[in-house]
Number of protein chains: 2
Amino acid sequence: MTPRSERIPADERREQILAAATTVFGELGYAGATTDRVARAAGISQPYVVRLFGTKEQLFIETLRRTLARLLAAFRAALAEADAGADAGGDGDGEAREARLGEAYLELVEDRGTLLTLLHGFMMGSDPVIGPVARDGFLQVFRMLRDEAGFTPDQIHRFLADGMLINTLLASGVGLAAKRDRDAAELMDCTFGAHVAEVLERASA
Amino acid sequence: MTPRSERIPADERREQILAAATTVFGELGYAGATTDRVARAAGISQPYVVRLFGTKEQLFIETLRRTLARLLAAFRAALAEADAGADAGGDGDGEAREARLGEAYLELVEDRGTLLTLLHGFMMGSDPVIGPVARDGFLQVFRMLRDEAGFTPDQIHRFLADGMLINTLLASGVGLAAKRDRDAAELMDCTFGAHVAEVLERASA
DNA sequence: GATTGAAGTAATCGAATGATTACAACCACG
DNA sequence: CGTGGTTGTAATCATTCGATTACTTCAATC
């Protein structure tokens, strides 16, 4: 159907490359990923990736920025949903928002690439170029939780801490190991409580 | 005084190299680190590193194993202290253990290398060789919290989640940025509450 | 004092990788 | 047509890096 090797406007091609780069950077990290792997994942040649983004570093920065922007957008959409539901159902307070945001996060990190690209960014805090981008993204999330979601400091703390634990469990593969390993399953139980079945199902996909 | 380029037994040299590798792998990640950087950090030549460990991958695995072992040892020491204190003071329950373990963790991750080597290991869950080592280490921590510390599932959940958030805040540099950035400082406040001053002081060193 | 084995390095090799260059194919517009 | 800009690639270059080889130095032991 779709004839491969079609000529595509550069804007669209950039988006394809960024999507592919999210997967590749997520799996291999910034240093471990190669522009050639990204190129092949996007179905084009390696020099073209370099020409469109100038530098591997620049490609990573744009990939990270895009991932952070999608994270924020998903959170804002979840907040809008929660507020719409509150108008109708009358529940009112931050409880619904917290639940919706949590669900939105779980949906996002179903994509291993998204999850891991964010984490790799956060781990490069000492890089003079990438570090500030990652920090800024983290702080944007914080401000959104504080100003738009109206979370209390304790809510913010718990939300972020749970998110980071989810990240680590999924990234390290403990989530997948829970199928075979009793202790891993119990650990997932501690973390996710009643939601564990849902999480495990998502993590498998 | 200490004449550089002394001949040293291999066992001792291995330990020196592992200590240096913890710093280098932590800062640059597995893929980003080079055997040459490790060698120079340990004050020896690059081929010798390769000869003592066979492979960069093997070096990383041993570095990760050592870091995980030190983490567990520090936790066990903290538990012993807490129990000794409980015998004397009569406080009794898990409260003291939780506090001691938290303190032990903060002391450990003062060393950026330790912190980041662990994180890099956890993020390589999909690597067929390194992934299992990292997962096994994580599960060892879980079992220790459950069986030796006697934590409830909820205590385990909170302890691990807080640990992962601390990791991320320190790795991304938000902790350091708190000196200049108002929002970063507020975020650190949400996370650490009363302990924030202590953490910031440690993070600077 | 010759020998043996351990500690350690200089030199170098082959593969991988980011980047550059030069060129090809295609489309729109005059 | 033809010409100029856009999309894209093949070939290749310089560097880096993990690993290997061959060598040196030193201490102990017989």
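The values are calculated or read from the model by the stated rules, or taken from the named source; none is laboratory data. Note that the coordinates shown come from a computational prediction; the quantities given were computed from them, not determined experimentally. Neighbour counts are summed over all protein chains in view; Cβ atoms, including those assigned to glycine, are modelled from backbone coordinates with ideal geometry. Please note that ligands, DNA and RNA were not included when accessible areas were found on the heavy atoms of the full protein model with its side chains. Shrake-Rupley method; radii C 1.70, N 1.55, O 1.52, S 1.80 Å.
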*asked:* So, in the range A:12-54, exactly how many residues are within 7 Å of DNA strand D (Cβ to nearest atom) and of a type in the set (Phe, Trp, Tyr)?
replied: 1
*Restricting attention to the range B:109-138, which residues are surrounded by fewer than 19 Cβ atoms within 10 Å (Cβ to Cβ) and either facing chain A (nearest Cβ under 9 Å) or part of a helix (DSSP H, G or I) (or both)?*
B:112, B:126, B:132, B:133, B:136
*Qualifying residue in the range B:13-22 (condition: surrounded by fewer than 20 Cβ atoms within 10 Å (Cβ to Cβ), away from DNA strand C (no atom under 15 Å from the Cβ) and either under 16 Å from the mean Cα position of the chain (by Cα) or not charged (D, E, K, R) (or both))*: no
*Within the range B:55-76, track down each residue that is open to solvent by 50 Å² or more (accessible area, probe 1.4 Å) and over 16 Å from residue B:131 (Cα atoms).*
B:55, B:69, B:70, B:73, B:76
*Condition check for residue A:95: more than 9 Å from chain B (Cβ to nearest Cβ) and in contact with a helix residue (DSSP H, G or I) (Cβ under 8 Å, 6 or more places away or on another chain)*: no
*May I ask you to list pairs of residues, at least six apart or on different chains, whose Cβ atoms are under 9 Å apart, with the first in the range B:51-63 being within 14 Å of chain A (Cβ to nearest Cβ) and without any contact (Cβ under 8 Å) to a residue 60 or more places away in the chain and the second being within 14 Å of DNA strand C (Cβ to nearest atom) and outside any helix (DSSP H, G or I)?*
B:56/B:34
*What do you reckon, is residue B:9 more than 10 Å from DNA strand D (Cβ to nearest atom), away from every other protein chain (no Cβ under 14 Å), over 17 Å from the mean Cα position of the chain (by Cα) and open to solvent by 60 Å² or more (accessible area, probe 1.4 Å)?*
yes
*For residue B:30, indicate whether it is within 17 Å of the chain's Cα centre (by Cα), within 14 Å of another protein chain (Cβ to nearest Cβ), more than 16 Å from DNA strand C (Cβ to nearest atom) and surrounded by 15 or more Cβ atoms within 10 Å (Cβ to Cβ).*
no
_Number of the condition not met by residue B:96 [criteria: (1) over 26 Å from residue B:172 (Cα atoms); (2) within 14 Å of DNA strand C (Cβ to nearest atom)]_ = (2)
*Only one of these is assigned to a helix (DSSP H, G or I) and at pLDDT 95 or above: A:19, A:80. Name it.*
A:19
*asked:* It is to be established whether one or more residues within the range A:67-84 are under 25 Å from residue A:140 (Cβ atoms) and within 16 Å of DNA strand C (Cβ to nearest atom).
replied: no
*For the range B:34-48, enumerate the residues that are near DNA strand C (Cβ under 8 Å from one of its atoms) and either open to solvent by 50 Å² or more (accessible area, probe 1.4 Å) or assigned to a helix (DSSP H, G or I) (or both).*
B:39, B:43, B:45, B:46, B:47, B:48
*Could we say that residue A:177 is modelled with pLDDT of 90 or more, more than 9 Å from chain B (Cβ to nearest Cβ) and buried (at least 20 other Cβ atoms within 10 Å of the Cβ) here?*
no
*Has the range B:151-172 got any residue that is aliphatic (A, V, I, L, M), open to solvent by 50 Å² or more (accessible area, probe 1.4 Å) and closer than 30 Å to residue B:56 by Cβ?*
no
*Count, please, the residues in the range A:163-199 that happen to be within 16 Å of residue B:142 (Cβ to Cβ) and in contact (Cβ under 8 Å) with a residue 60 or more places away in the chain.*
2
